[in-house]
Every structure is written in structure tokens, then in C-alpha cells.
Amino acid sequence: MIAIHGGFWRNRYDLAHLGHLCAALRGAGFATWNIEYRRVGDPGGGWPGTFHDVARAARHLFAIAPRHRINPNRVIVLGHSAGGQLALWLANLGAVSAGSEIEDEPLPLRGAVALAGVLDLRRASELNLSHGAVRDFLGGAPDDVPDRYAAASPAELKPLRRPHLLVHGGLDESVPPEMSARLHAASPDASTLLMFPDAGHFDPIDPRATIWPDLLAAIVAIAT
């Protein structure tokens, strides 16, 4: 499993954010590849460097898979919050417009999981999530750099290319649950929506949360 942490693409957050989740997934039998990438505030972070780093890290996993006895046909990608956006972008590279700075060859991923994902970047910009995080990440508002939003936002990379699990807490105050619900409604055949009414933004990455057994079962299902 490729794991991509969140933090609204800012460099004050790093891969340690997913440490407990990755440990729990390893305990459940997954091999986890918790990746780091340049973020806003890092030299070269944001557009397009963040995307290049994520794609490069994923390709490296496939390159080393044989020596670590990893089945390349069973690799999934999982991301939380902003990492959910990056995970779904990675899973749908074939839908990125030709000529985009973040265009890349599709990867043979088995599926994708977004936990409280920022899945509609235009809407996130309109809502000013995390004080302009999306505009900082993409280098402008939707009217300023429309092609970047079209190439990066999972909501615009339709139809979804492989099975997707979209997980959200109904009490999430950081990323609106409607983002997962709307993407599922737009691609019902390629996605499963798992909404936990009493969960918040961080519950999906907390193995101690009451939702963990049901969430783990859903992740196992998409990976097998």
C-alpha cells in the first residue's frame, strides 16, 4: 500500500502523521510505503513539484517490488485529507489532460482509498479551506489557473479508472463530507462511499477510533 499523508500540502506536516495508521495496517498484513513529498514552504513544493514527487515515489515502489516480494498487481494507494487528493490523482493519471505539467504515464494500481479527502479543489478554493491552502498549493484561484485545477482535482478526473473507496466522517469540520458524497454520486460504479456519521476529520487515521474495524474491513476488501 502506498500511503500519502495530509496537512493541506504544507510543510509543517510530514509522513509521521500517518505513522499509527501504517503500523496498524502492517499488523493487518499490508506492506506499507509511507511516502514523503515536497510541500508548500519547501523549495520546489506545490505546483508541480509535489505531484512529481508523489508519482516518482510510487514508480519507485513498482521498481523495487520484485526484490521485496511485493505483488505489483495488488498495490493500492491510500491518502488522508490533502493526501486523499494526491492519492486519487495518482490513481487517475490517465485522465490528466495531455500537455499538463503533471501529466504522467498511468500506474497499474489495483484501487484507491481517500480518507476525508479534499476531492474537489475548485470547491475547496471557494470555501477557503485552511485559509487559502488550495490557492497556495496550485498557485492561484480557479479563474487564475483553471488548467491546474482541471488536471489536479479528482472531481474533474472522471470517469474514475479503478475501484475507489471514499471514506468520510459526518462531523468532519476540516473537509466537507459532501466532497466524498458528490464524487461517489458522479462515479457510482467505480466507487464505494463509506460515511461514518459520528466521525471527525482524524478518526479515519486513528486505529483506536470506534470506526476502525469497519474501515479496515473496507480497505481489505478493495485490496483483495
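Tally up the residues in the range 1-60 that are in a helix (DSSP H, G or I) and either among the polar types (S, T, N, Q) or more than 22 Å from Ala152 (Cβ to Cβ) (or both), please. Talk me through it step by step, then tell me what you get.
In the first step, residues of the range 1-60 are kept if they are in a helix (DSSP H, G or I); the result is 15-27, 49-60.
Remaining after also requiring either among the polar types (S, T, N, Q) or more than 22 Å from Ala152 (Cβ to Cβ) (or both): 16, 19-27, 50.
Residues meeting the conditions: 11.
Which of the residues spanning the range 67-124 are part of a loop (DSSP other than H, G, I, E, B), hydrophobic (A, V, I, L, M, F, W, C), touching a residue at least 60 places away in the same chain (Cβ under 8 Å) and more than 17 Å from Pro159 (Cβ to Cβ)?
Val75, Ala116, Val118
Looking at the range 55-70, which of its residues are exposed (fewer than 12 other Cβ atoms within 10 Å of the Cβ) and modelled with pLDDT of 95 or more?
Ala63, Ile64
Could you check, for the range 207-220, whether at least one of its residues is over 30 Å from Gly27 (Cβ atoms) and outside any helix (DSSP H, G or I)? Talk me through it step by step, then tell me what you get.
Taking the range 207-220 and keeping what is over 30 Å from Gly27 (Cβ atoms), we get none.
Scanning the range 207-220 turns up no residue that is over 30 Å from Gly27 (Cβ atoms) and outside any helix (DSSP H, G or I).
Looking only at the range 182-205, which residues are of a type outside the set (Ser, Thr, Tyr) and over 20 Å from Ser130 (Cβ atoms)? Reasoning before the result, please.
Here is the first cut: in the range 182-205, the ones of a type outside the set (Ser, Thr, Tyr) are 182-186, 188-190, 193-205.
Answer for the range 182-205, where residues must be of a type outside the set (Ser, Thr, Tyr) and over 20 Å from Ser130 (Cβ atoms): His184, Ala185, Ala186, Pro188, Asp189, Ala190, Leu193, Leu194, Met195, Phe196, Pro197, Asp198.
Here are some residues: Arg135, Arg67, Arg56. Which one is under 23 Å from Arg182 (Cβ atoms) and among the basic types (Lys, Arg)? Can you show your working first?
Values: Arg67 fails: under 23 Å from Arg182 (Cβ atoms); Arg56 fails: under 23 Å from Arg182 (Cβ atoms).
Result: Arg135 is the single residue among Arg135, Arg67, Arg56 that is under 23 Å from Arg182 (Cβ atoms) and among the basic types (Lys, Arg).
Output the qualifying pairs, or none if there are none: Cβ atoms under 7 angstrom, residues six or more apart or on different chains, first residue in the range 3-21 and closer than 17 Å to Pro43 by Cβ, second residue outside any loop (DSSP other than H, G, I, E, B) and of a type in the set (Phe, Trp, Tyr).
Final answer for the pair search is Trp9/Phe137.
For (1) closer than 14 Å to Gln85 by Cβ; (2) assigned to a helix (DSSP H, G or I); (3) in contact (Cβ under 8 Å) with a residue 24 or more places away in the chain, each residue gets a yes or a no:
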{"position": "Phe137", "(1), (2), (3)": "yes, yes, yes"}
{"position": "Ala141", "(1), (2), (3)": "no, no, no"}
{"position": "Arg162", "(1), (2), (3)": "no, no, yes"}
{"position": "Leu166", "(1), (2), (3)": "yes, no, yes"}
{"position": "Asp172", "(1), (2), (3)": "no, no, yes"}
{"position": "Val175", "(1), (2), (3)": "yes, no, yes"}
{"position": "Ser180", "(1), (2), (3)": "yes, yes, yes"}
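Considering the range 172-220 alone, what residues qualify as being touching a Lys or Arg at 6+ places or on another chain (Cβ under 8 Å) and under 19 Å from Ile76 (Cβ atoms)?
The answer is Ser187, Ala190.
Give the range 8-41 a look and list any residue that's in contact with a Ser or Thr (Cβ under 9 Å, 6 or more places away or on another chain) and within 23 Å of Leu93 (Cβ to Cβ), or say none.
Residues satisfying the conditions are Phe8, Trp9, Leu18, Tyr37, Arg38, Arg39, Val40.
The values are calculated or read from the model by the stated rules, or taken from the named source; none is laboratory data. What you are looking at is a predicted structure, and each value in this text was computed from that prediction instead of being measured. As a convention, Cβ positions derive from the backbone with ideal geometry for all residues, glycine included, and neighbour counts pool all protein chains shown.
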